[in-house]
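Quick one: the structure is below, questions incoming.
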Amino acid sequence: MNGLGNDFLVWDARDEPLRLDADVIAKLGDRETGIGFDQMITVERSPSGGDAFMRIHNCDGTQVDACGNATRCVGRLLIEESGKDFATIETNAGLLHAFGSKTPRTITVDMGKPRLEWDQIPLAEEFADTRAIELQIGPIDEPILHTPAAVSMGNPHGIFWVDDIEAYDLSKVGPLLEHHPVFPESANISLAHVFAPNEIRVKVWERGVGLTEACGTAACAVAVAAARDSKAGRSSTIHLPGGPLQIEWRESDDHVLMTGPTEVEFEGEIDLETLQWSKTGPGDEVSVAGATE
Ligand SMILES: N[C@H](CCC[C@H](N)C(=O)O)C(=O)O
């Protein structure tokens with residue numbers, strides 16, 4: 001499945017628990033020799049009353065606690081399976097609620113509250129104001145990127161405000177920033193440009209993955225960082241390379257709502273001994289226009 005091109009292997013392990021070690025996940029995630037994905041999502045029985053538990057591994061095999069685009073995809077599967085118009089998904093970052101919409105395959109997820117304190121991101125130092133922390137790369141007198149905002153949506157994000165997201169080689173500076181010592185658990189890195197009222201262009205270097213077409217938690221983090229710093233209102237459209245996500249940082253309860261599309265690319269099966277895999281079923285039918293609805 002994918003959400004705006006951020007793609008996932010979604011494994012239903014509710015009947016038969018699945019335990020894969022990091023190097024098997026990395027092998028499956030390899031786009032040359034494996035199936036290829038940004039994250040592996042394992043859907044498990046929820047021990048505490050959710051419709052399911054969602055386990056997330058980046059394609060480097062690291063387990064992480066939040067993945068917005070995948071939450072929409074799992075939400076869609078659970079909603080279609082149950083016939084209800086909502087689903088509750090338990091994650092290590094908390095219980096999330098997914099809601100269907102009148103547009104097929106478009107799902108809204110309540111991603112919960114952003115974490116904004118230095119030790120919640122987490123950051124290695126006690127920054128009083130996480131809207132702009134001391135961090136820069138490049139020549140001291142002419143830094144390439146500097147003073148990012150820091151937000152957690154259950155995973156760490158560093159957000160650099162720029163005037164042109166294409167003016168930087170994110171594949172080069174991304175890894176430096178992802179593993180910068182100021183982020184003790186590394187971080188997902190976004191370049192963000194507010195190009196119109198409540199319209200923000202974003203490009204993401206994802207922790208444990210690299211450049212992706214989209215990142216739902218980054219979209220949430222950028223929208224919150226912009227609102228906190230009066231660069232946008234509490235509702236904004238985040239334009240990622242793979243397409244737009246609508247984000248609302250709700251005033252009443254501080255929750256962040258993310259709305260966007262989902263797509264099933266194909267169904268398949270994998271022999272876990274040989275890691276051979278094959279397609280066994282189609283994905284979403286593609287509309288005449290060639291784009292999925
Ligand atoms: N693509 C995911 C984010 C994965 C974050 C992961 N790269 C991490 O290490 O936190 C999303 O849609 O939110």
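The values are calculated or read from the model by the stated rules, or taken from the named source; none is laboratory data. Keep in mind that what you see is a predicted model, and the values were worked out from it rather than measured. Please note: Cβ atoms are built from the backbone with ideal geometry, for glycine as well, and neighbour counts cover all protein chains shown. Just the protein is used for accessible areas: all its heavy atoms, side chains included, with ligands, DNA and RNA removed. Shrake-Rupley method; radii C 1.70, N 1.55, O 1.52, S 1.80 Å.
Of the numbered conditions (1) surrounded by 20 or more Cβ atoms within 10 Å (Cβ to Cβ); (2) part of a helix (DSSP H, G or I); (3) more than 13 Å from the ligand (Cβ to nearest atom); (4) of a type in the set (Gly, Ala, Ser), Ser171 satisfies every one except a single condition; which is it?
(1)
While we're looking at this one, here's another question. Those residues that are open to solvent by 20 Å² or more (accessible area, probe 1.4 Å), of a type outside the set (Lys, Arg) and in contact (Cβ under 8 Å) with a residue 24 or more places away in the chain, I need them from the range 108-121; list them, please.
Those that are open to solvent by 20 Å² or more (accessible area, probe 1.4 Å), of a type outside the set (Lys, Arg) and in contact (Cβ under 8 Å) with a residue 24 or more places away in the chain: Thr108, Leu116, Trp118, Gln120.
Within the range 174-191, take every residue that is open to solvent by less than 60 Å² (accessible area, probe 1.4 Å) and within 12 Å of the ligand (Cβ to nearest atom) and give me the one that is nearest to the chain's Cα centre (by Cα).
Per the stated criteria, the residue is Asn188.
Kindly list, by first and then second residue, each pair from a residue in the range 60-74 that is under 21 Å from Gly34 (Cα atoms) to a residue that is assigned to a helix (DSSP H, G or I) and within 6 Å of the ligand (Cβ to nearest atom), limited to pairs with Cβ atoms under 9 Å and residues at least 6 apart or on different chains.
Final answer for the pair search is Ala70/Gly216.
Which of the residues that make up the range 255-272 are closer than 30 Å to Gly34 by Cα, in contact with a Lys or Arg (Cβ under 7 Å, 6 or more places away or on another chain) and part of a loop (DSSP other than H, G, I, E, B)?
Thr262
Here's another thing I want to ask about it. Just to be sure I understand the filter: pairs with C-beta atoms under 8 Å, separated by 6 or more residues or on different chains, first member in the range 37-48 and in the same structural domain as Arg76 (by TED's automatic domain parsing), second member within 16 Å of the ligand (Cβ to nearest atom) and of a type in the set (Phe, Trp, Tyr). Which pairs pass?
Sorted first by the residue in the range 37-48, then by its partner, the pairs are Phe37/Phe8; Asp38/Phe8; Gln39/Phe8; Met40/Phe8; Ile41/Phe8.
Residue-by-condition table, conditions (1) under 27 Å from Phe86 (Cβ atoms); (2) assigned to a loop (DSSP other than H, G, I, E, B):
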residue	(1), (2)
Val202	no, no
Cys220	yes, no
Val224	yes, no
Ile247	yes, no
Asp253	yes, yes
Leu275	no, yes
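Name the residue, out of Ala87, Ala26, Ala70, that is assigned to a strand (DSSP E or B) and either more than 16 Å from the ligand (Cβ to nearest atom) or of a type in the set (Gly, Ala, Ser) (or both).
Selected residue: Ala87, the only one of Ala87, Ala26, Ala70 that is assigned to a strand (DSSP E or B) and either more than 16 Å from the ligand (Cβ to nearest atom) or of a type in the set (Gly, Ala, Ser) (or both).
As an exercise: evaluate Val222 against (1) touching a helix residue (DSSP H, G or I) at 6+ places or on another chain (Cβ under 9 Å); (2) in contact (Cβ under 8 Å) with a residue 40 or more places away in the chain; (3) assigned by TED's automatic domain parsing to the domain that holds Gly174 and give the number of the one condition it does not meet.
(1)
Quick check on the range 29-42: of everything there that is open to solvent by less than 40 Å² (accessible area, probe 1.4 Å), within 16 Å of the ligand (Cβ to nearest atom) and not hydroxyl-bearing (Ser, Thr, Tyr), which residue is nearest to Glu273 (Cα to Cα)?
Gly29
Quickly run through the range 192-219 and pick out the residues that are within 16 Å of the ligand (Cβ to nearest atom), within 22 Å of Pro261 (Cα to Cα) and in contact (Cβ under 8 Å) with a residue 40 or more places away in the chain.
Glu206, Val209, Leu211, Thr212, Glu213, Ala214, Cys215, Gly216, Thr217, Ala218, Ala219
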